Amino acid sequence: MSARLLVVDDEEVIRQVLSRMMVPKGFEVRCASSAEEALALLEKEAFDVILLDNVLPGMTGLRALGEILARSRAPVVMMTGHFDPEFQKDARLLGASAFVAKPLDFDVLEGEIRKLVPEKR
Amino acid sequence: MDPLEEERARARYYQQIAQQTGRKSLQEITALAQVVEEHKKALKALQESEARYRSLFEATGRGIAVYRAVDGGEDFVFEDINKPGERIDDIRKDDLIGKRVTEVFPGVEEFGLLAVFRRVWETGQSERYPVSLYKDGRVQGWRDNYVYKLPDGELVAVYEDVTEKKQAEEALRQKDLQLLHAQKMEAVGRLSSGVSHEFNNILTGMVGLATLIKRASAGQVAEDAEGIIASCKRAADVVARLKAFSQRRAAAKSVVDLNKAVEEFRRLAVPGFGERIRFELDLAQGLDPVWADASQIEQVLMNLCLNSQDALGGVGVVTLRTRAVSFDKPFRSPHGALPPGRYALLQVEDAGKGISPEEAPHVFEPFFTTKGPGEGSGLGLPVVYGILSDHEGLVTFESERGKGARFEVYWPAASELSRRAPAAAVPGGTETLLLADDEPTVLGILQRILEPRGYRLLFAESGEQAVKVYRSHKEEIALLVLDIVMPGLGGCEAHALICEEAGRKVKVLFMSGYSTAQSMGRCSECGEPFVQKPFQPEEVARQVRAVLDA
Ligand SMILES: Nc1ncnc2c1ncn2[C@@H]1O[C@H](COP(=O)(O)OP(=O)(O)O)[C@@H](O)[C@H]1O
């Protein structure tokens, strides 16, 4: 069974690129364009890794992270803009598992994801 | 005098006139006498009117000076001046009458008024000479002049001292400029933080699509895709620098000796500049220590010195100077103002290409650069500006095209900042407070704010330690001041444990450097008060008091 990824990003092209990139690598990819949409999906489905953009419409990244972690046990990779130690400190404390900076380096991202789902592959 | 006596006196008078003039006829004499009488009356009227004009001349608030032309209208000699005139130019009438205007006021030609005198004298047309600055070795001030010619050829200048009015206007203009500058910088900061998020998303899309192309192809196409990815990385780099400008990191401030910081900079950074740039240090004794982030002082020095190096074309001297300065009234510059008080001034000076008047208003704007592509990012000075705003200081400069530039950076004295928040303004107390933060510098800052206000303080450097300290001082502690984010036990968890320990709700004030921590759900959820880092001293003191009194 392939590992299940949830991509939460309001940017259409990023959702597309990530699924087209990860599907050939053997992942099953689902996308959400807002935190609300992601939360709704999490009520119904389980995921192995969640990729979460830190700026989403209507909810701060930290808030979205908190809400997601309250509904799911999957590790969360935060996609952030420029490196911001304060934010990372807070997010890590809330329970974020890893950080990747935008613009994304897809090899780095894939590495982070694989670290979080080793037993599945 | 009785009429008879008067009659006799007149007769004697007529006789006298008859003798003196040799005229005999009484008629003749009477006629003559009448002429004389009228003449006397007219003279008296004239004297009265002269007195009236004199008092008018003196009573006006304006200076009035009367001149006679000499050298065929080339120069002018003082004939009269009124009291206000003496006062305005701080000169006595006796020292002036008969002297040439060019002698008494050597600046008059440069001032531009002499040319007006010559013209008015020649044409007879009155002229207003608009407000200008008069200056010589003795007096100086803004003057408003009106010049006209009397029918007999004398020149009159009516003038006013408008220096105070002018200064008030100038102060207002400076204030407008400062406000404009501050608004511009703020707008740019907001813009760049918004733009950088957008840009990173766009770049992610581009890198992603290029990566897909690369993976699905080979040869030239794959190589081109690689090129797109490389370009995107460069763009990302620019965005990161822009973001660094807009995102004011909370500075880790402590008491810093500016001279030490400059010497440290010389030791560590100067070797990187190469041999053709020579640094001269001119450090003043007795500088006040400043309240600053030492690494940011270094950043300021670095950015300014790099600019000097560029302005010098890589060869020359850069002078680093420090001075103690103290203002007893607000200091104004086009780039901001400082309240009165003590400052440590850092100057970075070079004799390089200088800054033209056209460039000057823009040098603090992000992305403004006169350097070639790849050489300048236009972010050096904006970063310096941001750092000084954070430090309640000021950066400004003086420069002339071709003659070099001197950047001046004012750091407020540490003593000054604690004075700016007078302890008396916010009431203190004698309660015992437990402060917890994993940053010892933050504890140090809190101590500086709270101890002078009378509080007893206990410290903890982690959530766990805070719980421990609470256990052993249960009875005394009236309030907890906790950092929300600490490694291990965070502020909120520590608070929960302490409440459990106490068997009641213990008063707490949370703090965090993360600006959206309030909306993080935690504090707003538990409804506990929150204070934002970096602190404004009076804000912390006020909050502490408010929570204690709640
Ligand atoms: N010491 C100086 N002498 C002359 N011009 C200067 C000096 N410092 C700054 N400038 C001008 O200000 C501009 C902006 O400077 P800065 O913000 O540091 O960006 P950059 O150095 O990347 O151009 C420079 O391009 C230059 O024209």
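The values are calculated or read from the model by the stated rules, or taken from the named source; none is laboratory data. Note that the structure is a prediction, hence the values are computed from the model and not measured. When we count neighbours, we look across all protein chains shown, and the Cβ atoms used for this are built from the backbone with ideal geometry, even at glycine. We work out accessible area using only protein heavy atoms, side chains counted, and drop any ligands, DNA or RNA first. Shrake-Rupley method; radii C 1.70, N 1.55, O 1.52, S 1.80 Å.
Here are the numbers:
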{"read-out": "Residue among B:E86, B:E169, B:E164 that is at pLDDT 90 or above and open to solvent by 30 Å² or more (accessible area, probe 1.4 Å)", "value": "B:E86"}
{"read-out": "Candidates A:L116, A:L93, A:L104, A:L62, filtered to the one that is within 9 Å of chain B (Cβ to nearest Cβ), among the aliphatic types (A, V, I, L, M) and in contact with a Pro (Cβ under 9 Å, 6 or more places away or on another chain)", "value": "A:L93"}
{"read-out": "Residues of segment B:344-377 classified as out of contact with any helix residue (DSSP H, G or I) (no Cβ under 9 Å at 6 or more places or on another chain) and part of a loop (DSSP other than H, G, I, E, B), total", "value": "8"}
{"read-out": "Index of the failed condition, B:E5 passing every other in (1) closer than 30 Å to B:D80 by Cα; (2) loosely packed, with under 10 Cβ neighbours inside 10 Å; (3) of a type in the set (D, E)", "value": "(1)"}
{"read-out": "Condition met for B:V384 (part of a helix (DSSP H, G or I), in contact with a strand residue (DSSP E or B) (Cβ under 9 Å, 6 or more places away or on another chain) and near the ligand (Cβ under 8 Å from one of its atoms))", "value": "yes"}
{"read-out": "Selection count, segment B:475-514, where residues are within 14 Å of another protein chain (Cβ to nearest Cβ) and small (G, A, S)", "value": "6"}
{"read-out": "Checklist (1) surrounded by 10 or more Cβ atoms within 10 Å (Cβ to Cβ); (2) assigned by TED's automatic domain parsing to the domain that holds B:V104 applied to B:G72, failing item", "value": "(1)"}
{"read-out": "Residues within segment A:15-38 that are over 22 Å from A:G111 (Cβ atoms), within 14 Å of chain B (Cβ to nearest Cβ) and open to solvent by 30 Å² or more (accessible area, probe 1.4 Å), tallied", "value": "1"}
{"read-out": "Conditions (1) open to solvent by less than 40 Å² (accessible area, probe 1.4 Å); (2) at pLDDT below 80; number of the one not met by B:G429", "value": "(2)"}
{"read-out": "Any pair with Cβ under 8 angstrom, 6 or more apart, that starts in segment B:141-155 at a residue that is within 10 Å of B:R68 (Cα to Cα) and ends at one that is open to solvent by less than 50 Å² (accessible area, probe 1.4 Å) and among the aromatic types (F, W, Y)", "value": "B:E154/B:Y67; B:L155/B:Y67; B:L155/B:F76; B:L155/B:F117"}
{"read-out": "Qualifying residues in segment A:3-14 (those that are more than 11 Å from the chain's Cα centre (by Cα) and at the interface with chain B (Cβ under 10 Å from one of its Cβ atoms)) - the one most open to solvent (accessible area, probe 1.4 Å)", "value": "A:E12"}
{"read-out": "Set A:L52, A:L69: member being away from chain B (no Cβ under 11 Å) and surrounded by fewer than 20 Cβ atoms within 10 Å (Cβ to Cβ)", "value": "A:L69"}
{"read-out": "Residue among B:V363, B:V270, B:V317 that alone is more than 26 Å from the chain's Cα centre (by Cα) and within 14 Å of B:A405 (Cα to Cα)", "value": "B:V317"}
{"read-out": "Matching residues, segment B:262-321, being polar (S, T, N, Q) and either over 24 Å from B:F368 (Cβ atoms) or more than 16 Å from the ligand (Cβ to nearest atom) (or both)", "value": "B:Q285, B:S295, B:T319"}
{"read-out": "Residue in segment B:237-245 that is of a type in the set (G, A, S) and either in a loop (DSSP other than H, G, I, E, B) or modelled with pLDDT of 85 or more (or both) present", "value": "no"}
{"read-out": "Filtered residues of segment B:338-380 (kept if among the small types (G, A, S) and either open to solvent by 20 Å² or more (accessible area, probe 1.4 Å) or within 10 Å of the ligand (Cβ to nearest atom) (or both))", "value": "B:A351, B:G352, B:G354, B:S356, B:A360, B:G372, B:G374, B:G376, B:S377, B:G378, B:G380"}
{"read-out": "Segment B:387-407 - residue that is open to solvent by less than 20 Å² (accessible area, probe 1.4 Å) and not in a helix (DSSP H, G or I) and, of those, nearest to the ligand (Cβ to nearest atom)", "value": "B:A405"}
{"read-out": "Residue ranges of helices (runs of 4 or more DSSP H) in segment B:1-88 with at least 3 members under 26 Å from B:K149 (Cβ atoms)", "value": "B:26-59, B:83-88"}
{"read-out": "Any chance B:G444 is surrounded by fewer than 17 Cβ atoms within 10 Å (Cβ to Cβ), of a type outside the set (S, T, N, Q) and either within 16 Å of the ligand (Cβ to nearest atom) or within 18 Å of the chain's Cα centre (by Cα) (or both)", "value": "no"}
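Listed here are the residues, each with its yes/no results for (1) away from chain A (no Cβ under 14 Å); (2) open to solvent by 80 Å² or more (accessible area, probe 1.4 Å); (3) modelled with pLDDT of 85 or more; (4) touching a strand residue (DSSP E or B) at 6+ places or on another chain (Cβ under 8 Å).
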residue: B:K184; (1), (2), (3), (4): yes, no, no, no
residue: B:E223; (1), (2), (3), (4): yes, yes, yes, no
residue: B:Q247; (1), (2), (3), (4): no, no, no, no
residue: B:L258; (1), (2), (3), (4): yes, no, yes, yes
